[in-house]
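First up is the structure itself, then whatever we jot down about it.
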Amino acid sequence: MKIEDVVCTFCGCLCDDLVVEVDGRRVVSVENGCTLANEKFMGDHRLQSPIRRNGKGWEHISYDDAIRETAEILCDADRPILYGWSGTHGEAQSIGIHLAELLGALVDNTSTVCHGPSILAIQEVGHPGCTLGQVKNRADVVVYWGTNPIDAHPRHMSRYTTFADGFFLKEAFRDRRLIVVDVRKTESANIADEFITIEPGGDYAVLSALRAIVRGKREIIPPSVSGVSREQLFRVADLLLSAKFGAIFFGLGLTMSPGKYKNVRNAIELTEELSRHTKYTISPMRGHWNVYGSNEVFTWITGYPYAVDFARGIAFYNPGETTSVDVLRRKECDACLVVGSDPGAHFPKACAEHLARIPTIQIDPHTNATTHLSRIQIPVAVTGIDAEGTAYRMDGVPIRTRMLFKGEYPSDTEILERLYTLVKEAKGP
Amino acid sequence: MNFLLNTGRTIRQGSYVERKNSDAYKGEATSLYMHPVDMMILEIEEGSHVRVESNQGDVVMKVHPALWISQREVFVCLGPYANYLVAPETHCSGMPDFKSTMVTITPTTDLLVTVAELMERCGGVRYED
Amino acid sequence: MSELLVRNAYVIDPLSGIKGDVMDIAIRDGKIVEEVGRNAEVIDADHCLTLPGGVDSHSHVCGTKVNFGRYMSPEDMRAGRTARKGVMHVTSGYSVPTTFGNSYRYSIMGYTTILEGAMAPLEARHTHEEFTATPHQDMLANTLFDGNWSIMEAVREKDVKRAAAVVAWTLSAVKGFAIKLTNPGGTEAWGWGEDVHSILDQVPHFGVTPAEIIETMIRANELLNLPHSVHIHCNALGVPGNYRTTLDTLDLVPDLNDKRQTLYLTHLQFHSYGGSTWKDISSKSEDIARAVNNKPQVAIDMGQIMFGRTTTMTADGPMEFKLYMLHHNKWSNHDVELETGSGIIPVYYSRKSLVNCVMWAIGLELALLTKDPWQCMLSTDNPNGAPFVKYPEIIALLMSRRFRENELALLDPRTAHYVPLPAIDRELDWYDIAVMTRAGQAKALGITGVGKGHLAPGAEADIAIYPLKPDSLDPSTEYQQVMAGFGKTRYTIKRGRVVARDGEVVVEGANSTIWTKAITPPEFDLSVDPEFVKKFEQYYTVRMSNYPVQDVYLPRGVCIATEASL
């Protein structure tokens, strides 16, 4: 059976035009997808059943036992943390946050090691953005700053920017100018009209120089700024200002580099500066397919996009203190539930060591680095393949992912609902 | 020899991300990209193993030449190997310095470790299907 | 079967013609009935003011821009925090509370139905998700058509029926309630960083004017027989001298519907400015109110501002950028492909700002100068003028001249020179307030037929009992009690169930979402129309099949179906 308009649950592009052929409980072929989509849909490497660490080895256990034991661990903990969420659908995220509320737990999502700094910047200066269709239909200048879409968001350029024809740009590749800014010459840089190589850590200075030029202060620019020549800066500023509609996309090259949220703040303020002359928008290149959804769901329930601590009864938010890496670094939490993420692979070693020290439970379809650090892992259905639910694209557009077949695994929602019920019973009214 | 370690996504890392215990993932996540001039100075060839050490620990990786990276900088895709070297300090931002870790690189004949072995070093217990 | 009897209630039920009688209200299975059995649970209202549940016909509480207002404002989240208690979840936020915060605070004030003022169709799913997490009110969504390409093309072709077909398909697809035009044409112009400045300006590229969009949509709305009229946020919001644009807009309105208004003009305070700069801004409320009084075919809401901090958020992206250029605090913007836009900035309305003082006076003047309370709803355009928790204070201001004088004494002394408010003696009575906060709103929205805004047998048993005794309370002097009383019901009853008591929510909610579906003849079915389908194939970034909001997002949807006259 061929299913059309399938939503890809890999990256924040959330492409919804895949054609997937399914034979029973098996994906046979994928059309329109990128390499990442093909791997995701064709991959078949599920953990077969719940497992529990047993001394120096592992044993298979039932779902009932796994869920009951998880509830006991969470109820016994003084300072539990519920982490991940970006790899599951919104309905599961919602239950997870309410579970954290019930437990007085800390709840955080993967933005914490991704675009968390972008959120901090937005909380300082706001965010002039738009949906991706605005860019596709209108943008004649596109900037990728500290992001490499060809590797991380393979169809971003063909669906939304460089190669995507739009209403006001009938021949996009010819009519759009592309600027790429990075510390290394990525695949994306190879097709740019203008590639700016910045010395590592130099983003803030280069953004400041461009802001100064846009403000008409060319005379204060030194011959070279963080390895970028004054001539190139002038050329790029003129290109930026020539746009009828300019779109800036930025990635972890800004959020993870020295300066972090201040880099992003500067990029937003450049956008605002350009908006005084012509139309400009800026957008973070969100990684996980539903990381933006986790920010949305966190926000409407708790008021904050990530790093929420319920220990005081109210929702408390103080990134740098209530962010996962900091809590693990301080060895503060005494139990961890991981849903839809792999902190073992993506957190610094010291954090992984603490996850191994405390009872860590993982709800995830696949074994990964965190598996080896866990006490229990509960396999679930993969949203977009054998489970469905809401996802938010990197620009905030909500799309319902599809279930392609009914498989044998429960969904994140089902597991979390059972967990919530057990914890609620244990905690009393 | 000292280098600045940068990390980021690669298409292969993304492709194998749901098979983190596979040889393919291990191969990609231990691949260290270095400018050929630096390789010459270190007297290593493509495919040589190196010990990469930071103030957090050390891990063995495999070198690949790359002209897209500057001298004295190396690139490894994000993942448990690179993160074995990254400090948990966030400077009150929540975000570690994933793209600016100082490392020392020396040639070695030691073998690459699996993700399971690496996690065991972190205190875990390996799970094998 | 569950039965409830509210005894000794001092009832004002304007739609039923009850203007203050002490009576009993019988409820069975969530509906008002003639009588109930002896075993019914009894609530003694003790002669307290008892009204149909509050209806807010224009508020921003759910959806993409509201949530972004929270997202970008941890300082606002910190300003209103409550812990989990009983059935109540944690809440955060003052001007943009979390969904549960909105729901509890509205419920405690006796509100049981809210219309979200602006939903971008492409992002409707988000609005519906938040509706589900706003459990104590029935929700409706104004759906944005101000910059809709298919609409503007139909307007250009002077094809009202096609415009109607676009509306019918879209409302049904996104489970929306009514047509919203926010700065019609201006949001598309903002896609190029531009705006339209009057109703006769051309929209770039599309060759249509706001006036043509408004006129076409008014007629399309009536062709579809939708319960509500077109709901407009006029062009030139917040610009000194904009009252002319508002009067021009009022002049466009024909009288096409005998059950309700033909055009609903929202937050009119923001559209009633004289002068030509911020230095000489003045109130033109008298001109606007005169036009409204002369046109029974329009209804308005106040858009009152109240002093203090709040967050402005609207689909009117260009206006927010202008506001940002004044305030220089922080600015968010979010344009939505082929449809609309939006912007958000935090603001502080100060008694020390003459402009803010004039704005404050204009809102009150509009309510006091509009003769017929059925034409003017009480609103703050929550949270743009103020958070909705300020409604009780606004009610008290409208009911007490003395309170207004006391407040005026605190303002910039030049205010009186620019506004007529000090000369207005009128004090609204309990009946006026009942109309302006529920009955009039339900009538304007066209939802009396689904049992909203009244207490006649068959109506939904949504009831607010306030600790106010109109027989012995003089609102003119005892305005503090009025304010306190409207701030906290003794009982809020939703669909026959006590949901809030004395300031606390006591049960888990289970709300409905009310949406409209206009049934069109097959030749107007746009799902097979090549031009319309092409929009999705070529210009939208979401496939047509993934665009409609699935039924699963409306666990208790109430569909008002109409037969289109196409």
Taking Cα atoms, the helix A:412-427 axis meets the longest principal axis of chain A at an angle in degrees (rounded to 10) of 60 degrees
Pairs to check: A:Lys331/A:Lys427; C:Lys65/C:Lys322; A:Lys136/A:Lys244; A:Lys279/C:Lys534; C:Lys19/C:Lys443. Give those whose C-alpha atoms are more than 20 Å from each other in this structure. A:Lys331/A:Lys427; A:Lys279/C:Lys534
C:Lys31 versus A:Arg312: modelled label distance in nm, points set 7 Å from Cα along the beta carbon direction: 4.9 nm
Cross-link partners among lysines for A:Lys2, C-alpha distance below 16 Å, same-chain residues fewer than 8 apart left out? A:Lys406
Take each uninterrupted DSSP H stretch in chain C, measure its Cα extent along the helix axis, and return the ones at 30 Å or beyond whose mean Kyte-Doolittle hydropathy is at least -0.5. none
So what's the gap between the Cα centers of segment A:397-423 and segment C:353-390, to the nearest angstrom? 46 Å
Taking amide H positions as placed in the peptide plane 1.01 Å from N, state which residues far from C:Asp44 in sequence (5 or more) or on other chains have amide H under 5 Å from it. C:Arg7
Quick one: check the C-alpha center-to-center distance for segment C:494-566 versus segment C:53-90, whole angstrom. 23 Å
For chain A, share of DSSP beta bridges that run antiparallel, in % to the nearest 5: 40 percent
With just the Cα atoms defining each centre, how far is segment B:38-115 from segment C:106-141? Give it in Å. 51 Å
If I take R0 = 60 Å and measure r between the Cβ atoms of A:Lys170 and C:Lys469 in this structure, what FRET efficiency does the formula 1/(1 + (r/R0)^6) give, to the nearest 0.05? 0.30
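State the dimensionless ratio Rg/Rh of the protein assembly as shown (Rg: radius of gyration of Cα atoms; Rh: Kirkwood radius).
Result: Rg/Rh = 0.98.
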For segment B:2-121 the mean separation of alpha carbon contacts under 8 Å (6+ apart) over residue count, i.e. relative contact order in percent, is 37 percent
Spacing of the two label points (7 Å from each Cα toward its C-beta) at A:Ser158 and A:Arg230, in nm: 4.4 nm
For segment C:54-177, calculate the relative contact order in percent as a whole number, restricting contacts to Cα pairs under 8 Å that are 6 or more residues apart. 25 percent
Over 22 Å between alpha carbons, listed pairs A:Lys185/B:Lys26; B:Lys62/B:Lys99; A:Lys40/C:Lys175; A:Lys262/C:Lys330; C:Lys284/C:Lys371: A:Lys185/B:Lys26; A:Lys40/C:Lys175
The extension gain from B:Cys92 to B:Glu117, computed as 0.36 nm times the residue separation minus the Cα-Cα distance, is 5.9 nm
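No lab work stands behind these numbers, since they all come straight from the coordinates. Keep in mind that this is a model prediction, so the values were computed, not measured. Every residue, glycine among them, receives a Cβ derived from its backbone with ideal geometry; neighbour counts consider all protein chains shown.
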